[in-house]
Structure formats: C-alpha cells, structure tokens
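This report refers to the structure that appears directly beneath it.
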Amino acid sequence: MEIILDREKYYFETVTNNKQPSQWLLLHGFMGSHHDFDAVIPYLNGTILLPDLLGHGKSRTSAPYTRYYIDRQIDDLAGLIKQRMNPPINLWGYSMGGRLALGLTLKHPKLVKRLVLESSTAGITSSVERLNRRQHDQQLAKTLKQGNLFEFVSAWENLKLFASQKRLSLNRQKFIHQQRMGQDSICLANSLLGMGTGTMPNYWPQLHELDLPVTLLAGALDSKYTKLTAQMEKILPCGQRHIVRAAGHNTHLEQPFMTAKIIKQEEHYK
Ligand SMILES: C=C(O[C@H]1C=C[C@H](C(=O)CCC(=O)O)[C@@H](C(=O)O)[C@@H]1O)C(=O)O
C-alpha cells in the first residue's frame with residue numbers, strides 16, 4: 001500500500017496476525033525495508049504496520065537530504081499513525097528506526113502507548129563527537145553518491161557491529177545482503193546526511209520526560225549498544241532493558257523467537 005505524507009510517497013505493508021487489539025508500527029534500520037522484521041512478525045499479536053522509511057525500499061524519493069531530517073520524518077510517521085492506525089499504538093524501532101521512534105514519541109507522546117528501542121541510541125551528547133560523526137557520515141555518503149553501493153555494503157557488513165551475523169544461516173545472510181544491495185545509493189547517502197546519528201538532536205536530556213513503558217533491547221554480543229541501553233535505562237522513568245543472548249546488533253534477525261518472547265512478556269504487564 002502507499003500513502004502520501006508531506007508530498008512524499010511512502011510504501012507500507014500491514015499484517016494482521018489475530019483478532020487481538022494490539023497495534024504495532026515497526027521501523028526498520030538503515031538500509032532496511034518492511035521485510036526487516038519478517039522473522040519476528042509471526043510471533044506478534046494484532047495488527048502490524050511496516051513502512052519502508054524515507055529513501056528506503058519502495059519509498060524512494062528525489063528529495064534532497066534536508067527532507068530526511070529526523071523532525072520531518074517524525075511528522076511523516078505521525079501522519080501515518082493518525083491516518084491509518086488508532087492511536088495510541090505500540091512503536092518498535094530498530095537501530096536507525098529506534099532513533100526515529102524515540103524522536104516521534106518525544107514529539108507526539110499521545111500517539112504512543114509503549115515504546116520498544118532495539119539497539120538504538122538517544123544521540124551523541126558531545127559536540128566534538130557529533131561533528132566527527134557528521135564528517136564520517138559525509139565520507140560514507142560520498143562513496144554512495146559515486147555509485148559504489150557494493151563497496152559500501154561490503155565495508156558495512158564487515159563492521160564489528162555485525163560480526164555475529166556471519167554465524168547466521170547462508171539464507172539469512174543472503175536475505176540481509178540482498179536487502180542492502182537493493183537500495184538506491186543516492187537515497188541512502190541522503191539518509192546518512194539528513195538523519196545520521198551525528199545530525200539528529202541529542203535526545204538524552206529529554207529521556208526523563210518519557211512516562212510510558214519503554215522496552216530496551218540489545219544483543220549480548222553488541223558491547224556498544226549494551227552500554228548505551230544501560231545508560232538509557234538509568235534515565236528512563238519506566239525503562240526495562242533486556243539483553244538477548246547469542247545475538248549481536250540485530251536481535252530480531254539473529255534471535256527472532258527470544259526477541260519476540262521478551263516483547264510479549266512485557267506486553268503481559270502493560
Ligand atoms: C556503525 C554504527 O552506527 C550505525 C549502525 C547501526 C544503525 C543501523 O540502522 C544499522 C542497521 C543495520 O545495518 O542493520 C545506524 C543508524 O542508526 O543509522 C548507525 O549509523 C555505530 O558504530 O554506531
């Protein structure tokens with residue numbers, strides 16, 4: 001299905017698992033798509049909306065990088081929730097999708113009743129680190145703008161962050177590789193420039209405002225995001241962190257059953 005949000009065409013799919021009233025909006029990560037959560041969806045209850053985020057999958061655009069600013073995308077997704085869902089909803093973001101989900105919940109708190117942040121962050125607090133990250137992302141964007149998608153994806157897949165994915169079945173590795181190789185390199189470059197981790201606001205000072213249940217997920221093999229989620233849990237009034245054993249950054253891909261079990265276990269209490 002497609003929807004026009006602030007003059008941009010978004011593609012999304014809807015899965016209805018059962019007659020449970022739960023509503024989920026699932027936001028994929030960088031270079032992902034609505035297929036990102038295929039392995040975990042069968043374990044969820046109710047109705048699940050899966051958009052391709054701006055510049056990803058079938059939501060391609062010729063818009064400049066400024067259209068990707070997180071605040072613009074937050075308002076796009078708020079429009080999707082208001083027009084196609086019955087808020088407040090359950091919102092689950094993975095990695096880049098988690099940064100977007102956090103920003104959406106902070107800006108539109110009435111739309112979200114529960115937030116799940118998988119392997120995500122509230123941004124970079126140090127202005128020097130932010131500048132360094134922006135410069136790093138600009139270099140990555142330059143590679144993509146030169147059309148070197150294969151070179152970019154190969155380097156990305158060899159990041160330490162994704163080392164555990166080399167233990168996945170060849171089918172699963174092929175799935176995620178093809179999902180990345182199927183992207184538009186110019187759109188990816190603009191996504192990095194417009195809403196990279198160094199460009200987004202620093203949300204850390206606002207975390208204490210979130211009075212809704214927040215489930216924090218991190219893979220036991222992902223040392224960077226296990227530390228980041230521990231810091232977030234200390235600040236969040238209703239934060240609950242779970243470490244997914246035998247998983248790295250992408251817990252829903254590497255351990256879909258355990259990831260879903262944690263999500264549903266928390267659902268029981270809320
Ligand atoms: C490389 C780092 O940060 C990137 C890693 C994860 C995020 C992401 O969405 C990855 C999705 C995937 O490939 O499965 C990405 C983002 O938030 O946009 C980060 O830039 C790092 O070392 O933190």
Members of segment 1-10 found to be crowded, with 16+ Cβ neighbours inside 10 Å and either farther than 14 Å from residue 81 by Cα or without any contact (Cβ under 8 Å) to a residue 40 or more places away in the chain (or both), listed by number | 8
So which of 195, 181 is under 17 Å from residue 33 (Cβ atoms) and away from the ligand (no atom under 11 Å from the Cβ)?
-> 181
Selection from segment 194-212 of residues touching a residue at least 60 places away in the same chain (Cβ under 8 Å) and either touching a Phe, Trp or Tyr at 6+ places or on another chain (Cβ under 8 Å) or in a helix (DSSP H, G or I) (or both) yields 194, 195, 199, 204, 206, 207, 209
Residue hits (segment 58-70; out of contact with any Cys (no Cβ under 6 Å at 6 or more places or on another chain) and in contact (Cβ under 8 Å) with a residue 40 or more places away in the chain) are 58, 59, 61, 63, 64, 65, 66, 67, 68, 69, 70
Quick check: is even one residue across segment 140-152 under 16 Å from the mean Cα position of the chain (by Cα), surrounded by 14 or more Cβ atoms within 10 Å (Cβ to Cβ) and more than 11 Å from the ligand (Cβ to nearest atom)?
-> no
Segment 115-139, subset among the charged types (D, E, K, R) and over 15 Å from the mean Cα position of the chain (by Cα), residue most open to solvent (accessible area, probe 1.4 Å) | 129
Look through 79, 93, 103 and report the one residue that is open to solvent by 10 Å² or more (accessible area, probe 1.4 Å) and of a type in the set (Gly, Ala, Ser).
-> 79
Within segment 45-57, the count of residues that are assigned to a loop (DSSP other than H, G, I, E, B), without any contact (Cβ under 8 Å) to a residue 60 or more places away in the chain and farther than 11 Å from residue 33 by Cβ comes to 1
Filter segment 58-81 for residues that are of a type in the set (S, T, N, Q), in a helix (DSSP H, G or I) and away from the ligand (no atom under 15 Å from the Cβ) and give the result.
-> 66
Count, please, the residues in segment 215-252 that happen to be closer than 17 Å to residue 160 by Cβ, within 16 Å of the ligand (Cβ to nearest atom) and of a type in the set (A, V, I, L, M).
-> 4
Within the set of pairs 6 or more residues apart or between chains, which connect a residue that is away from the ligand (no atom under 16 Å from the Cβ) and open to solvent by 10 Å² or more (accessible area, probe 1.4 Å) inside segment 12-32 to a residue that is at pLDDT below 95 and polar (S, T, N, Q) with Cβ atoms less than 8 Å apart?
-> 17/45; 18/45; 20/45; 22/45
Among the residues of segment 202-213, write down those that are buried (at least 16 other Cβ atoms within 10 Å of the Cβ) and not hydroxyl-bearing (Ser, Thr, Tyr).
-> 206, 207, 210, 212, 213
Could you please give the count of residues in segment 180-196 that are open to solvent by 20 Å² or more (accessible area, probe 1.4 Å) and not aliphatic (A, V, I, L, M)?
-> 3
Test result for residue 216, under 27 Å from residue 91 (Cβ atoms) and buried (at least 21 other Cβ atoms within 10 Å of the Cβ) | yes
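The values are calculated or read from the model by the stated rules, or taken from the named source; none is laboratory data. Predicted, not measured: the structure shown is a model, and the values here were computed from it. All Cβ positions, glycine included, derive from the backbone under ideal geometry; neighbour counts span all protein chains shown. The area values use the complete protein model at the heavy-atom level, side chains included, leaving out ligands, DNA and RNA. Shrake-Rupley method; radii C 1.70, N 1.55, O 1.52, S 1.80 Å.
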